[in-house]
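For reference, the structure is listed below as structure tokens.
The values are calculated or read from the model by the stated rules, or taken from the named source; none is laboratory data. From a predicted model like this one, the values you see are computed outputs, not experimental measurements. FYI the Cβ positions are ideal-geometry reconstructions off the backbone, even for glycines, and counts take in every protein chain you see.
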Amino acid sequence: MSTETTGLGTPESLTDAEREAVEAELRPLADGEFVLAERYTEWQVQAPTLESDLAISNIAQDELGHARLWYDLLEDFGYTEADLIWEASPGEFRHPTLVELPFAEGDWADAIVRGYLYDAYESRHLHALEGTSYPRIADRVGKVLAEEDYHTQHARNWLSRLCDDEPGRERVQNALDRLFPYALTLFAETEHEDAIVEMRIRTESLAAMRGEWLEVVVPRLESLGLSVPASEDGEVLVDLPDQVGKDGSHTEHWPELLEEFTRTYRKLELGEPPRLLEDPNEA
Amino acid sequence: MTDQDTANAGSPSSPDGIAEQDIETEATIEGPEYCAYTDYNQDTPSETSLPATGENATGVEQRVWDRLYEIDDPEMPVSIVDLGLIYGVRAVEESEDTTGDAADAAGTRVAIDMTLTYTGCPARKMLTEEIEAEVRSVEGVSEVSLDLVWSPNWSLSMVTEQGRADLREFGLSVPEGEEA
């Protein structure tokens, strides 16, 4: 590859436009993994079997690991973890809203459908990053991909089991009806989409990725007796929700979740600089 | 390293046939130049050059390898070198060192490339800080820069013979010729 013409260089050497595009690609990816994991952890003592407690915890741990890998690359640009997560405002997060929704109460099918739709997307996204022009991303893609197989297997396995009888299938159908429009936010474009593709930070457009995703998820879900509001040819019968996440717009559930998982950080006053003496002006 | 890594390692872990693998990424695109961002790593690690063990290292590099051998994985009694986590150790020549501070101090800046068995490793900070502190106290070292790298992907094939023996002793068997 001729680095001169198409490859991006070190974090310090990027032009403003390149850096903006790299950030725009990484932020939804990092936040998506992080917030999905936050939601998964709600299940880790309540999944239907001890093995699934372990499985969902393990998957959450992987996704947190992936989030950390992508946040590392944002930290290359001078941000700290506190800037990116613990002290960030709700609107600074760019994850697709699929991952922030609370689970329908006690609904394991929700966790499984969400995981399936997300993992099928993530795998596609990672493949579209394998040929990235940004070496810092290229270094990490293979490692993350290798850890995704198990997630996909887990979700498919549970989907089949849940769809084994009518009451189970009905639960899955309800979860699918509720989540599918939000799953479309995974492919929502940002204003940086053209730049990301032109600079080959990602080698496929989100539109193309969505097409491939539909080709895979629609037949599989239909084969389980589920009805999907889309066809594998790319026709989609539902609208995008009002809040897509990747533009900074979020559902009302998001500030609540953020508040909850940053509570310890705030309680420990980690955001406050330590002071040995009272400010004389305030004394 | 978790039990899951080793448990999975023995059996082929290819998922059943859904089209994840069928989606062709554009195979014609040539990959980016690996490690174009590192300024010090001339010998890019590759599957064939690993595990790196410091076999032919001399001087300060050899002393660093010796110290790294003394550091165990946080979960198992096996050296991080024998586990295959260290991808490279390199003493940075004075002339290459443009960062300034090190030039004043007596000693050499040492650059280390390492990986972790899995991305969610909760001991990442503990381990990297331990390594930095240990290596900084090696004779002749003035400064340590530790880079976490993820390519090539760590696998059981990077465990050395000694590492396999230590793992067996611990009760974990690494299959012969395991390429994970």
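General observations
- Only listed residue being among the acidic types (D, E), out of contact with any strand residue (DSSP E or B) (no Cβ under 7 Å at 6 or more places or on another chain) and closer than 22 Å to A:D119 by Cα, chosen from A:D233, A:D242, A:D194: A:D233
- Summed over region B:137-164, the residues that are part of a strand (DSSP E or B) and more than 11 Å from the chain's Cα centre (by Cα) give a count of 5.
- Subset of region A:227-253 that is surrounded by fewer than 19 Cβ atoms within 10 Å (Cβ to Cβ) and among the hydrophobic types (A, V, I, L, M, F, W, C) - its residue that is nearest to the other protein chains (Cβ to nearest Cβ): A:V236
- Among the residues of region A:137-158, the one identified as over 19 Å from the mean Cα position of the chain (by Cα) and surrounded by fewer than 21 Cβ atoms within 10 Å (Cβ to Cβ) is A:N157.
- Residues that are more than 7 Å from chain B (Cβ to nearest Cβ), in contact with a Lys or Arg (Cβ under 7 Å, 6 or more places away or on another chain) and part of a loop (DSSP other than H, G, I, E, B) within region A:120-168 comprise A:L129, A:C163, listed in sequence order.
- Whichever residue in region B:104-132 is more than 14 Å from chain A (Cβ to nearest Cβ), small (G, A, S) and surrounded by 13 or more Cβ atoms within 10 Å (Cβ to Cβ) and, among such residues, is nearest to A:A30 (Cα to Cα): B:A111
- Per this entry, A:S52 is counted among residues that are modelled with pLDDT under 95 and surrounded by fewer than 20 Cβ atoms within 10 Å (Cβ to Cβ).
- Selection count where residues are in a loop (DSSP other than H, G, I, E, B) and either touching a Phe, Trp or Tyr at 6+ places or on another chain (Cβ under 7 Å) or on the phi > 0 side of the Ramachandran plot (or both), scope region A:75-92: 1
Conditions (1) in a loop (DSSP other than H, G, I, E, B); (2) small (G, A, S), marked per residue:
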{"site": "A:V217", "(1), (2)": "no, no"}
{"site": "A:G225", "(1), (2)": "yes, yes"}
{"site": "A:V228", "(1), (2)": "yes, no"}
{"site": "A:E232", "(1), (2)": "yes, no"}
{"site": "A:V244", "(1), (2)": "yes, no"}
{"site": "A:S249", "(1), (2)": "yes, yes"}
{"site": "A:L257", "(1), (2)": "no, no"}
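- In region A:63-79, the residues that are within 10 Å of chain B (Cβ to nearest Cβ) and either among the aliphatic types (A, V, I, L, M) or surrounded by fewer than 21 Cβ atoms within 10 Å (Cβ to Cβ) (or both): A:L64, A:A67, A:R68, A:L69, A:D72, A:D76
- Residue match in region B:140-154 (condition: closer than 22 Å to B:P77 by Cβ and touching a residue at least 24 places away in the same chain (Cβ under 8 Å)): yes
- Test: residue in region A:96-119 that is within 14 Å of another protein chain (Cβ to nearest Cβ), closer than 30 Å to A:L8 by Cα and in a helix (DSSP H, G or I): yes
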